[in-house]
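Since the structure comes first, as structure tokens, the remarks are kept for the end.
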Amino acid sequence: MSSFNWMAMFPKDWAPLIAVFSMLAAILSGICAWLSYRLAESIRSELKSDEIIITGVLHNPSLGHPDHENCVIQTTVFNKSKRKAFISKVQVYNSKNELVEVRWSDSIDQLGNINGKSELIGIVDSISLYIRQNSGEAFRDVRVEITHSFNTTPLTLSYRIDPGWQAYFAK
């Protein structure tokens, strides 16, 4: 297989000129690639700028059986983006910063038992997120971390029950 010699088409004194044009074409190609990368980054950051997840306050839901309310906490999660978001993990830590075993979902029954598995929850507009301790004990002073698809840093919520309020309602 023979290769074609492009330089044979031009006079020998044009060789430096052709080399300069080749170098300029390579530089122009590099500049175009860099500008294309910058444009792609700008478009991606603009698309991600509206990816916002907002949560409400953690509270105990009203259940059919009052004794079961304290082992379940609830919050509303709002998706302010046009794209669907996903909750992939919920972790709860007690006041000693120890991980508390919980189940979580977007639905519960009348006794506060979690319906479905604690896996992936999609959020189009808003959902109610329910969290229940596996031990069935009441939540006291906890920190909840919600991991979602819009950010690698989890949302952090705090829940602290005031003994004064509990004593007031127990009367």
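A short reminder: the numbers here are calculations on the coordinates, not readings from a lab. Nothing here was measured: the structure is a model prediction, and the numbers come from that model. Cβ sites come from the backbone with ideal geometry, for glycine too, and all protein chains shown count toward neighbours.
Numbers below:
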item	result
Under 15 Å, Cα to Cα: Lys pairs in the chain, sequence gap 8 or more or different chains	4
Unit charges on C-beta of K, R, D, E only; dipole of segment 8-159, Debye	500
Estimated translational D of segment 34-103 in µm²/s (Stokes, Kirkwood radius over Cα pairs; 10 °C; 1.306 mPa s)	100
In order through segment 31-37: 3J(HN,Hα) via Karplus (6.51 cos²θ - 1.76 cosθ + 1.60), integer Hz, x for Gly, Pro	5, 4, 5, 5, 5, 5, 4
HN-Hα J in Hz across segment 53-63 - Karplus 6.51, -1.76, 1.60, θ = phi - 60°, x for Gly and Pro	10, 10, 10, x, 7, 6, 7, 7, x, 7, 10
Percent RCO, i.e. relative contact order, over segment 53-170, from Cα pairs under 8 Å lying at least 6 residues apart	29
Kirkwood hydrodynamic radius (C-alpha pairs) into Stokes-Einstein, segment 53-170, 20 °C and 1.002 mPa s, D in µm²/s	146
Kirkwood hydrodynamic radius of segment 13-73, from inverse mean 1/r over distinct Cα pairs, in Å	17.6
Cβ-based charge dipole, segment 76-160, positive-most Cα from Ile146, Ser95, Tyr159	Ile146
